[in-house]
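Values in this text are rule-based calculations from the coordinates and carry no lab data. Since this is a predicted model, take the numbers as computed values, not measurements. We place every Cβ from the backbone using ideal geometry, glycine too, and count neighbours over all the protein chains shown.
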Amino acid sequence: MPYVSFLRYAALASHAYLPTYTTTDRGDPLTGLKILGTGSYVPENSVTNKMFECIVDTSDEWISSRTGIKARCISDGETDLFMARTAAESAIKCAKVKKSEIGVIICATITNEYITPSLSCLLQRDLALKEEALVFDINAACSGFVYALNLAYSLLRSSSGKYALIVGSEVLSKIVDFSDRDTCVLFGDGAGAVVVKLCRNAPFLFNAGAKGDDNLLYCPGIIRKKSPFSKTDHEQAPPFLHMDGSEVFRFAVDSIKKSVTAVLDKARLKPEDIDHFVLHQANARIINMAAKRLGAPPDKFFMNIYKRGNTSAASIPIALDELNKSGKLKKGEKIILAGFGAGLTYGAVYFSW
Ligand code: UT7
């Protein structure tokens, strides 16, 4: 037996009591991840499609039929931090864990008030979470929450705490051009959070990727000021979201199919074995088309886009919290989450409730 294979065999034998479904691509037996609690917050200010008819050339009929959106919540002063804090407090309460045992805090956001400090650091301060923790934000746009789940899965192994707090929080209305009908009707604000821990009797499988692109979906960053040392003025577009909708639509359906199929294959499961699919809520037609391409029953795909719109990194944890609080999640049920968006990024995770 070659030396490497022998080592793997020894490792497998020593973990014989572990469930066989928690393996990485390398075949190492590993512990999975469990979601212990969920929380969310959306602004009270619900803006209907009809209200958009007064500001751009659009109609309730166009928005509903092309996207499934009827309304979205738009911040009336609520900040990313306020929403993140409210969602996180609710998730911690739901998880019934000690705040002092949270060792990883990750916020997925593209709309934090500050370039620095991170939203996660401000959350750590406001929630009085412990100092000895890994505390940082990630920018993977609408895939941010699934990317963050996988990061937490890796980081908890070396963390000083038992639990990770993962939040997606977005005030997209800050970066939406309300005179651009192509984008302004699509997005909403909100935050969702989960508390997770490593767990021996839980599966956790992940697939993700990126196709770097700044043409199809992007938002320019800080306006660059001319420095005292530069000779030329640099023109820069205002910080608004731009999207080539139909190209991103195609990317979305393809990437969901790719990443969900990859985690199903790793888990040796079929689409019909899954109890709930919670996809990024960007367009009801994307979700329906993905269900069709996967050959999975559409009624297993949770949807709240009709009242939330697209809340980017917040959309999956908000959806998960609403599904959880509706009482429809049963212990042991199999769940797949899948995100896709700017970057371009995509990713899916499989775990059990
Ligand atoms: O979260 C990140 C990932 N984002 C997504 O996954 C979004 C993916 N894309 C989409 O969801 C869809 O492409 C949209 C909802 C953005 C657009 O739907 P579509 O069926 O792809 O429409 P389209 O872009 O092909 O546009 C069709 C027409 C155009 O008019 P012409 O050129 O055919 O005359 C648009 O100007 O619809 C027009 N249009 C609108 N009309 C009324 C675009 N926005 C609007 C609007 N109201 N708000």
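Quick test of the membrane-span-like rule: which DSSP H helices of the chain reach at least 24 Å along their long axis (C-alpha atoms) with mean Kyte hydropathy at least 0.0? Result, helices passing both filters: 245-267. For Lys162, a cut-off of 18 angstrom between C-alpha atoms picks up these lysines, skipping any fewer than 8 places away in its own chain: Lys34, Lys93, Lys96, Lys98, Lys99, Lys130, Lys197.
What does the highest-first list of 51-62, 278-289, 199-210 look like by mean Cβ count within 10 Å?
Values: 51-62: 13.7, 278-289: 23.1, 199-210: 19.3.
Order by mean packing, descending: 278-289, 199-210, 51-62.
For segment 178-306, a/c is not less than 1.5, where a ≥ b ≥ c are the root eigenvalues of the C-alpha gyration tensor, and a/b tops b/c. That puts it in the prolate class.
Most simply put, the chain has about 70% antiparallel DSSP beta bridges, counting only bridges with both residues inside it.
How would segment 202-251 be classified by its alpha-carbon gyration tensor: rounded, prolate or oblate, with rounded meaning a/c under 1.5 and the a/b versus b/c comparison settling the rest?
Details: a/c = 3.75, a/b = 2.06, b/c = 1.82.
Verdict is prolate for segment 202-251.
For the chain, the 222 nm mean residue ellipticity estimated from helices alone, with every DSSP H stretch of n ≥ 4 adding -39500 (n - 2.57) and the total spread over all residues, rounds to -9500 deg cm²/dmol.
Among the chymotrypsin sites (Phe, Trp or Tyr not before Pro) within segment 219-263, those in coil by DSSP and having at most 13 neighbouring Cβ atoms inside 10 Å are Phe229. Excluding same-chain neighbours fewer than eight residues apart, the lysines reachable from Lys292 by a Cα-Cα span under 20 Å are Lys257, Lys258, Lys270, Lys300, Lys334.
How would the chain be classified by its alpha-carbon gyration tensor: rounded, prolate or oblate, with rounded meaning a/c under 1.5 and the a/b versus b/c comparison settling the rest? Prolate, because a/c is 1.5 or more and a/b exceeds b/c.
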